[in-house]
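Just so it is clear, none of the values below were taken in a lab; they were calculated from the coordinates. None of these values were measured; they are calculated from a predicted model. Here the Cβ is made from the backbone with ideal geometry for all residues, glycine too, and neighbour counts use every protein chain on show.
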Amino acid sequence: MIRYLIFPLFLLGSLSSAFSQVRGIVKDIAGEPIIGANVFWLGTTTGTTTGESGKFSLPETGTSDKLVVRFVGYRSDTIHIDRVDTVWEIVLQDGAVMDEVQVSARRMGTMKIRAGILNQDMISTAELSRAACCNLGESFTTNPSVDVSYSDAATGAKQIKLLGLSGTYVQMLAENIPNYRGVASPYALGYIPGPWMQSIQVSKGASSVKNGYESITGQINVEFKKPQTTESVSANLFANSLAKIEANFDGNIHLNQRVSTALLAHYENNLMAHDSNDDGFMDFPRVEQYNFQNRWAYMGDRYVFQAGIKALMEDRTGGQMRSYRATDGMPRYDIDIRTERYEAFTKNAYIFDKEKNTNVALILSGSLHRQDAGYGYKLYDVDQWNGYASLMFETEFDKRNSLSTGLSLNYDDYDQSYKLSHTFDTLGARDKEIVPGAYVQYTYNWNDKLMIMAGLRADYSSVYGTFVTPRAHVKWAPNEIFNLRASAGKGYRATHALAENNYLLASSRRVVIDPDLDMEEAWNYGVSAALYIPLFHKTLNLNLEYYYTDFLRQMVVDMDSNPHEVHFTQLKGKSYSHTFQAEASYPFFKGFTLTAAYRLTDVKTTYGGVLRERPFVGRYKGLLTASYQTPLGIWQFDVTLQLNGGGRLPQSYMLEQGIPAWNSRYKAYEQLNVQVTRYFRHWSIYVGGENLTGFKQKNPIIDASNPWGSNFDSTLTWGPMHGAVYYVGVRFNWERL
C-alpha cells in the first residue's frame, strides 16, 4: 500500500527538473517586504503570491518574459526577466498611477499564499467587494474555511468558527498585534468596518510563536488601509431593506516624502426594529455605532515608524418590541449594551542590513474597553485595560538560514460588577494578569523546495505560572505544481467566563461558574496539500487539508447537564476536533472564476461525564461561489451558494405534555447571496441580496411570551433570524495623480 502512495509523490517530485524557477523578493520603498503581492507572467494565468518575507518563486512558462507585480496601494511594475540565476529584488513605488491601460488576466480575490510556510489565505479588497462587506463578520461570506453565526437571538452577538471551534480559540490580530480579546470578543466582528480593511490573512492550525501563545486553531490578521499609500479619498454609502444604513470615509495625505497621515470614519444605524415571527421580540438588536481611526507613518531609509489611535462608541438595544404590552403586568424585557473602546499603538523598526533583512522592532499597544450591559434583571458591567509590548530581532544568516527572537509583555485588568439573578445582590470581581515571555524561531529554506520552521516560547503568568509553547512547520514543494505542508503546535488561553460569554445572560438559565478554572491548553496538528495543475492554458487550484485539535485542559460551557443552567466548568474527559476540507478553483474563461469547497467536521466534548457532539456546530458545509467580470471591467456579477449542515442542540427539558421543549437536532439549510456591481471611473454602484433562499429559524427564542419565567432562553440560535435581505451601496474613490 505504501508504495502506491509514494509513487505519485515521486512522480510529482521528478517534474521539478522540467521547470526553471524565477525567484525574488518584493519590497516597498522603505525596504519592508510586501506580503501577499500578486506576481504573474504577463498575458497568462500562471502566478503566485509573495510569502511572509515578501519572497516568491515562479516557474518560467516559455511564452512570456515579462513579470507583472501588483499590490493594492502601490504602482504595478512589469519586469523584463532575462536571467533565472539571480534573486530579483523588486521595489514597488507608492501609488496606483497607470500610464497606459493593459488588460490582463483577472486575479482571484482570495489567494493561497504559495510561497509561505504557513497554510494561509489572503482575502484582498477585490474579494471583500464581492459582497455586502459592512464589517469583519460579513467578510467571510465567500470563504469556505471560516463560519460566522449569531450566538443568540437577542443581543446580535456573532462568533467566528475556525476548524469547527469557536472564535475564542482563534487569535485575532490587528496588523499582527493581538487585539479584540476578552470582553471585546462577543461583538468584535462588528468593530472593524469592511471599507477600512486592506486585506485579511487567515492562518490555520499552529501559527508562528511571534505573536504569542493564544492561537489554538489559527490566526486572523486584519491589515488596515495605510497612510503611506497613494493619496486618496474614499467613501462608501450603504442601505438595506431592513432599514440599516452605513457611511464610511477614509482619506490620507503625504505631509512630505516621509511623513503621512490618514483618517478613517464609520457610522451605522439600524433605524427600525423588526419582529417577523410575531413573538414580541426584535429579530436582531438596533445598533448605532460611531468609529474613528487616525494613523501616522514615517518611512525613513532605515527607520520606520507607525502609530494610530482608535475610538468606538456603540449602543446596542434589543429585547421585546417597544410596542409590546404585557397582559400579566410584568415590565418589558429590555437588553441594552453600551460600549466605549479606545486604542493606541506604535510600531517602530530599524533596519540594520537590508540585504539580510536584519532589523529590530518595538511594538507598543494599549486599549480600554468599557461595557455596561443589562439583560432584563441581569447586569454585567466591566472595564478591561490591556497593555502589550513586543521587542523583536530578525536576521537572515544566508539564503537558507534565518532567525527571529524577541521578548513580550502582556497586561490584562478586568474590573467587573454583575448581577446574575433578581434575588442576588450586585457582586464585584477584579482579575489581573501579567505575562512576560520570550521566544526564538528558526527557519531553514532550501531553494523554496524544503522549508522548516521551528519555534519555542516560554511565558510566565502571574496567575497560572510558567508554560512553554512549541510549534513546528514543514513545507515541501518539489515543483510549482505540488506542495505539501505539515504543522504541529501547542496553544494556551486564559479563561474569562463572563467577559467572553456575557451574551448567555439573555436567558433565564442559572449561571454557575466553578472556582479556580484552569488555563486552557491544546495541541493542534495539521497537514495540507495544494496542487496547481496546468489545464487548457489555465491553472486548476486544488487544496486538501486535515486538522486535529486535542484539548488537554478546557473551560467547558455546559448547557446539557441541566437545561435550566449554564455551567462553566473544567473539562473532565475528552474534547477534540477533526476537520477535513477540499477546495477547487478554476477560471473557466476570461473574467470568470468558479470555486467549490466541502468541509466535514467532527467536534466532541465531554459534558457531565458524557462525550457528546459540540452543540451548534454544523456537521458539514458546502460552498459554491462564482464571479464574472466583463472584459472591460465595467460590470461584475457574484453569486455564492452555501449548504450548512445540521447539528446538535443542547439537551432539552420536558414540557407538561411530555414532549421536549425543542428538538435535539437542527436540519441542514441553504443560503444564496447575489451581487451586481457597475464600475465607473471614480465610483461604483452595487446592488444585491442576502439569504435569497428565504430560510430562517422559526421561533429562535424559547418561551418568548414569558421572558421573566424559568423557561425563557434566547441562546439556542443556529440559523438566520431573517429572510431575504436586499441592499444597495455606492463606493467613491479619488486618487491624486
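Taking the fewest neighbouring Cβ atoms within 10 Å as the starting point, the ordered list for 635, 662 is 635, 662.
Approximating the spin labels as points 7 Å out from Cα along Cα→Cβ, the residue 565-to-residue 447 distance works out to 6.4 nm.
Classify the range 536-690 from the C-alpha gyration tensor, please: rounded if a/c falls under 1.5, else prolate or oblate depending on whether a/b exceeds b/c. Could the numbers behind the result be given before it?
Working: a/c = 3.18, a/b = 2.06, b/c = 1.54.
Verdict is prolate for the range 536-690.
Under a 5 Å amide H cut-off, with hydrogens placed 1.01 Å from N, residue 145 pairs with nothing among residues at least 5 apart or on other chains. As a ratio to 2.2 N^0.38 Å, the alpha-carbon radius of gyration for the range 120-735 is 0.96.
Figure the gain on full extension for residue 708 and residue 600 (residue separation times 0.36 nm, minus the Cα-Cα span) and round it to one decimal in nm. Mind dumping the intermediate values first?
Values: separation 108, 0.36 × 108 = 38.88 nm, distance 3.95 nm.
Net length gain for the segment: 34.9 nm.
The slack between residue 423 and residue 584, meaning 0.36 nm per residue of separation minus the straight C-alpha distance, is 52.3 nm.
Spin-label model, residue 82 to residue 409: label points 7 Å out along the Cα-to-beta-carbon direction sit 5.5 nm apart. Among 25, 452, the order by Cβ neighbours within 10 angstrom, fewest to most, reads 452, 25.
FRET efficiency for the pair residue 389 and residue 301, taken as 1/(1 + (r/R0)^6) with r the Cβ-Cβ distance and R0 = 30 Å, rounds to 0.70. Sequentially through the range 526-533, phi angles give Karplus couplings (6.51, -1.76, 1.60; θ = phi - 60°) of x, 9, 9, 10, 10, 10, 10, 9 Hz, Gly and Pro residues having no value and appearing as x.
Round to the nearest 0.05 the FRET efficiency obtained for residue 698 and residue 466 when R0 = 56 Å and r is the Cβ-Cβ distance. Don't jump to the answer; show the numbers that get you there.
On the way: r = 51 Å, r/R0 = 0.91.
With R0 = 56 Å, the Cβ-Cβ based efficiency is 0.65.
Sequentially through the range 353-366, phi angles give Karplus couplings (6.51, -1.76, 1.60; θ = phi - 60°) of 9, 5, 5, 9, 6, 7, 8, 10, 9, 10, 10, 10, 8, x Hz, Gly and Pro residues having no value and appearing as x. Karplus-derived 3J(HN,Hα) values for the range 718-733, using 6.51 cos²θ - 1.76 cosθ + 1.60 with θ = phi - 60°, are 9, x, x, 9, 9, x, 5, 10, 10, 8, 9, x, 10, 10, 10, 8 Hz; glycine and proline are entered as x.
Per DSSP helix of 4 or more residues, -39500 (n - 2.57); summed, then divided by the residues of the chain. What does that give at 222 nm, rounded to the nearest 500?
Working: 3 runs with 22 residues, N = 737.
The helix contribution divided over the chain gives -1000 deg cm²/dmol.
In the chain, the longest principal axis of the Cα atoms and the axis of helix 2-14 are about 50 degrees apart.
In terms of surrounding Cβ atoms within a 10 Å radius of their Cβ, 682, 266 rank from fewest to most as 682, 266.
How long is the gain from residue 687 to residue 663 if the chain were fully straight, where each residue apart is worth 0.36 nm and the alpha carbon distance is subtracted?
Extending this stretch completely gives an extra 4.9 nm.
Please give me the summed charge of the neighbours of residue 251: other residues whose Cβ is under 13 Å from its Cβ, Lys and Arg +1, Asp and Glu -1.
Values: positive: 225, 226, 295, 736; negative: 231, 250, 735.
Every neighbour counted, the sum reads +1.
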